[in-house]
């Protein structure tokens, strides 16, 4: 009996000790899992943002930036009387935005001519919708076309040339401060340094031009007057006929002047030649008559 009791107590102690050692091991494993579990972002946008910052995460490669030049072309149909005011209003509205007017012109301000005009601007992308909304209030939009041009290769090439040229310039500057450089070498280094700096300045200017094309949006607006036959005067056909007849008369007179100018050198040569031939023929006829009279016997 005593032996069975001792054996039962030993079994219970072994089971309890096994449970005591098993519990901490499971807790350590959970703790390790928590400690090494990566923090997950709160949304898909955060994941994309982290991928863009890291460049390569989990096999996702960041796409290289693209440089696209965008151009909008609009054609606005407006009443002839308010076309000039609409054009001036667009120019004034552009001045209140991050906008630069590149060109502006208006034609046909006479009473008989059909007015038309154009405005070319370049502005920041965030102000594009404001400008398009304002343009839509100036008349009917007859056409709106969008053109894009990929400038990525040009930007990459010029940035690579700028980097190489900058490194070359910096190397030349380090050579200038080295001890023991002869005067001849110093002059040659300075000449090369000036050439490198001039080329770098030129490439920097080209890069600024490309940045202006890709970081801003170009907008070209064409204004034309709306054609209407109801306001045409009853004397308009007569006026048009007189205008056309005057044009035909002027063209005929111009053709006559051209013909006279073309014939004048020949007249200078032909008129004296014909006159000399006529004189020679008359002289020959006179001499022939005299010979005939002299040889004719008197009856």
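Where a number appears in this text, it was derived from the coordinates with a stated rule and is not lab data. Quick caveat, the model's predicted, so the values are computed rather than measured. Here the Cβ positions follow ideal geometry from the backbone for every residue, glycine too, while neighbour counts run over all protein chains shown.
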Ranked 193, 263, criterion: other C-beta atoms within 10 Å, fewest first: 263, 193
Inter-label distance for residue 292 and residue 255, nm, one decimal - labels placed 7 Å from Cα along Cα-to-Cβ: 4.8 nm
Label-point gap, in nm, between residue 182 and residue 269 - each point 7 angstrom along Cα→Cβ: 7.3 nm
Rh (Kirkwood; distinct C-alpha pairs) - segment 67-229, Å: 19.3 Å
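Would you kindly state how much longer the chain becomes between residue 204 and residue 239 on full extension, computed as 0.36 nm times their sequence separation minus their alpha carbon distance, in nm to one decimal? Display every interim value, and only then the final one.
Working: separation 35, 0.36 × 35 = 12.60 nm, distance 5.86 nm.
Gain on stretching residue 204 to residue 239: 6.7 nm.
Relative contact order of segment 139-254: what whole-number percent is it, with Cα pairs under 8 angstrom and at least 6 residues apart?
Values: 29 pairs, mean separation 33.4, N = 116.
That works out to 29 percent.
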FRET E, pair residue 212, residue 89, Förster distance 25 Å, beta-carbon r, rounded to 0.05: 0.50
Backbone N under 18 Å from the residue 100 label point (7 Å along Cα→Cβ), restricted to segment 180-218: 202-218
